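A.B. asks: One structure is given below, represented as structure tokens, and several questions about it will come after.
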Amino acid sequence: MIIKPKVRGFICTNAHPQGCAANVQEQIDFIKAKGPIAGAPKNVLVIGCSTGYGLASRITAAFGAGANTLGLCFEKPPTEKRTASAGYYNTTAFMEKASAEGLYCETLNGDAFSDEMKDKTIARLKEKMPKVDLVVYSLASPRRQDPKSGELYSSVLKPIGKSYTARNLNTDTLKIADVSFDPATEEEIAQTVKVMGGEDWEMWIDALKGADVLSEGCNTVAYTYLGEKITWPIYGHATIGKAKEDLDRASKAISESLAGLKGQANVSVLKAVVTQSSSAIPIMPLYLGCMFKVMKEEGTHEDCIDQLYRLFTEGLYTDTPRLDADNRFRVDELELRAETQAKIEALWGEVTEENLFDITDFKGYQANFLKLFGFGVDGVDYEADFSPIVDTEFL
Ligand code: NAD
């Protein structure tokens, strides 16, 4: 099959196996070039391991610390006629490359919110891995089924308190128009917190601790984005921001529950990057186009893997971590510098459909978006006939 991107709005419905494998290799090469990470964990569970920040976490642990990794994801396998999802190809590539270096790795594909996946994970850990010293919680999902009640919750991206109108770029038509969002109802806020808040993170740690598969001194991290003025109305101060505040509550509760093990939980604040989840957030593509322009010019541009390397070396595994007043690791400081935000805001005010490609780096955004699905990657022959089927070790 000759595989060309099929983009519909903010998603691409197919993926290229060789392109995805090349992206994984690029991240592995980056981490290896940095050299071993002192004090880093040896047995790592990554919940949400197949794309974006979770994949970068797994690569950093495996190739920066030689860690055994068990990963969980929710990805679509290929058929003879359809490609797999990008996360599926990323994961098979990761597993092939990690196994080739003698690193133990295994991946479970299924709903991480369910009790069944928690039980399955614990059984695998007991059978195959020493006790876990790092649990990365990196799920991003629009829905969650409560494992106890069976109720299905959906998250929404809406402002809180008052409606909000912003300039939005339609990534298909490249038209910029004002879009308005009504404020969320209390019910919508509560549902978003159920999906993207800390409840499931707590359930995971309770289950893992109860099964005695966490080591003494075990760390756990969950990821958040805080952002600044431009993104606050739809992110930081909006429904998703409320869910992320709940992570702060959960991190305190988890730290208390891990005290006996001398373990701790921290929320980690990461910068805005292009991922399948962030590209679905209104205004984000335009914000990212402006941000890329400014940060590339400043020489401070970073992608997931740069952020994860810094989270390990400047947050998790150093004696002098950059923590804020809420005990969160901070690696978003370059994006949030006042000078950087002022330049992004200036571009935000000036950008039009006519000057989009001149004054912002929207071209860079588009390239990064396609790359998530393995397209536009150097060295891959996109005219060649590839089978969508890949060998897999998924359980
Ligand atoms: P992503 O969409 O790239 O990754 C989501 C991961 O979750 C994938 O591995 C996917 O398979 C997995 N997943 C989703 N639903 C699942 C389920 N039910 N069961 C098992 N696995 C499931 O997203 P991302 O942008 O890397 O986000 C990861 C975390 O980082 C989120 O908490 C997000 O809020 C946070 N974050 C993202 C950004 C950003 O700009 N993208 C910035 C800061 C923080």
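The values are calculated or read from the model by the stated rules, or taken from the named source; none is laboratory data. Everything numeric in this text was worked out from a predicted model, so none of it was measured. Virtual Cβ from ideal backbone geometry, glycine too; neighbours counted across all protein chains shown. The protein model used for the area step is the full one, side chains on, heavy atoms only, and it has no ligands, DNA or RNA in it. Shrake-Rupley method; radii C 1.70, N 1.55, O 1.52, S 1.80 Å.
A.B. asks: For the chain, what does -39500 (n - 2.57) per DSSP helix run (n ≥ 4), summed and divided by total residues, give at 222 nm, in deg cm²/dmol to the nearest 500? Please list the in-between numbers first.
C.D. replies: Numbers: 12 runs with 154 residues, N = 395.
Calculated mean residue ellipticity at 222 nm is -12500 deg cm²/dmol.
A.B. asks: Taking a 1.4 Å probe, which of GLU354, GLU335 shows the most accessible area, and what order do the others take after it? Show your work: numbers first, answer last.
C.D. replies: Details: GLU354 145, GLU335 0 Å².
The most accessible residue leads, giving GLU354, GLU335.
A.B. asks: Can you send over the solvent-accessible area of GLU353, 1.4 Å probe, protein chains only, in Å² to the nearest 10?
C.D. replies: Rounded to the nearest 10, that gives 70 Å².
A.B. asks: Further, regarding this structure: Please sort by residue number the trypsin sites (Lys or Arg not before Pro) in the stretch 49-95 whose DSSP state is loop and whose Cβ has at most 15 other Cβ atoms within 10 Å.
C.D. replies: Working: sites: ARG58, LYS81, ARG82; in loops: LYS81, ARG82.
Here the trypsin sites (Lys or Arg not before Pro) that fit, given the DSSP loop and packing criteria, are LYS81, ARG82.
A.B. asks: Another question about this same structure. In whole Å, how far is the Cα centre of the stretch 1-75 from that of the stretch 278-328?
C.D. replies: 17 Å
A.B. asks: If I take every Cα pair under 8 Å that is 6 or more residues apart in the stretch 55-172, average their sequence separation and divide by the length, what percent do I get for the relative contact order?
C.D. replies: Working: 95 pairs, mean separation 23.7, N = 118.
With pairs under 8 Å counted, the relative contact order is 20 percent.
A.B. asks: Also: Would you mind computing, in nm to one decimal, how far apart the modelled labels at LYS42 and LYS81 are, each placed 7 Å from Cα along Cα→Cβ?
C.D. replies: It is 5.0 nm.
A.B. asks: For the chain, what is the accessible area per residue in Å² when the probe is 1.4 Å?
C.D. replies: On the way: 16560 Å² over 395 residues.
I get 42 Å² per residue for the chain.
A.B. asks: Run through the stretch 144-191 and list the trypsin sites (Lys or Arg not before Pro) located in a DSSP loop whose Cβ has at most 13 other Cβ atoms within 10 Å.
C.D. replies: Of the trypsin sites (Lys or Arg not before Pro), the ones in loops of the stretch 144-191 whose Cβ has at most 13 other Cβ atoms within 10 Å are LYS148, LYS162, LYS175.
A.B. asks: May I pose another question? Quick check on the stretch 147-254: what are the equivalent-ellipsoid semi-axes from the Cα gyration tensor, as sqrt(5λ), descending, whole Å?
C.D. replies: Whole-Å semi-axes of the equivalent ellipsoid: 33, 16, 13.
A.B. asks: For PHE113, what accessible surface area do you get with a 1.4 Å probe? Give it in Å², rounded to 10.
C.D. replies: 10 Å²
A.B. asks: Are there GluC sites (Glu not before Pro) in the stretch 2-90 that DSSP puts in a loop and that have at most 13 other Cβ atoms within 10 Å, and which ones? List each step's numbers first, then the result.
C.D. replies: Details: sites: GLU26, GLU75, GLU80; in loops: GLU75, GLU80.
For GluC sites (Glu not before Pro) across the stretch 2-90 that sit outside H, G, I, E and B with at most 13 neighbouring Cβ atoms in 10 Å, the list reads GLU80.
A.B. asks: Run the numbers for ALA259 and LYS4: contour at 0.36 nm per residue of separation, minus the present Cα-Cα distance, in nm.
C.D. replies: Numbers: separation 255, 0.36 × 255 = 91.80 nm, distance 5.09 nm.
Length gained, ALA259 through LYS4: 86.7 nm.
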